[in-house]
Amino acid sequence: MYQPSKHIDTFFVAGFQHHDGALVFDQLKVGAPVALVPEPDNPYDPSAIAVYLADTMIGYVPAAKNSMLALLSYYGHKDVFECRILQVDPEADPWEQVRVGIYVTDARK
């Protein structure tokens, strides 16, 4: 039987080096969930979506990848996504230290 993938997209957290990710770097574990928080009042990008580990902002969904997530979030469908850490590499350049994946949640559960 055909079973579609829940995976939607993968990206490095944008702006990681400019936010508080370094303060929680030891807590960034592969598989850990992170929260996506829309920022419709963001003066630089109304489609901006911040990425949080617990209460700590670690960066943003890259601008090239945020429009669909922002649109669906705006219309009340934010809960259809989950975001998890896929890779943490302390040796990489700061803008490529944390990679996350976006997945659609399974409403059948």
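Structure notes:
- Set Y103, Y52: member being surrounded by 14 or more Cβ atoms within 10 Å (Cβ to Cβ), at pLDDT below 95 and not in a helix (DSSP H, G or I): Y103
- Selection of region 7-34 for residues being under 15 Å from the mean Cα position of the chain (by Cα) and either open to solvent by 100 Å² or more (accessible area, probe 1.4 Å) or more than 14 Å from V98 (Cβ to Cβ) (or both) yields H7, I8, D9, K29, V30.
- Within region 65-90, the set of residues being at pLDDT below 95, surrounded by fewer than 17 Cβ atoms within 10 Å (Cβ to Cβ) and under 25 Å from F25 (Cβ atoms) comprises just one member, P90.
- Output for region 55-64, where each listed residue is surrounded by 14 or more Cβ atoms within 10 Å (Cβ to Cβ) and assigned to a loop (DSSP other than H, G, I, E, B): V61, P62
- T56 meets the conditions (1) among the polar types (S, T, N, Q); (2) under 14 Å from G15 (Cβ atoms); (3) touching a strand residue (DSSP E or B) at 6+ places or on another chain (Cβ under 9 Å) in every case but one. The failed one is (3).
- Hits in region 32-49 - residues which are aliphatic (A, V, I, L, M), outside any loop (DSSP other than H, G, I, E, B) and touching a residue at least 40 places away in the same chain (Cβ under 8 Å): V34, A35, L36
- Summed over region 1-31, residues that are farther than 20 Å from E91 by Cα, assigned to a loop (DSSP other than H, G, I, E, B) and among the aliphatic types (A, V, I, L, M) total 1.
The values are calculated or read from the model by the stated rules, or taken from the named source; none is laboratory data. Keep in mind that this is a model prediction, so the values were computed, not measured. Using ideal geometry, Cβ is built from the backbone for each residue, glycine included, and neighbour counts are taken over all protein chains shown. These accessible areas exclude ligands, DNA and RNA; they are computed on the full protein's heavy atoms, side chains included. Shrake-Rupley method; radii C 1.70, N 1.55, O 1.52, S 1.80 Å.
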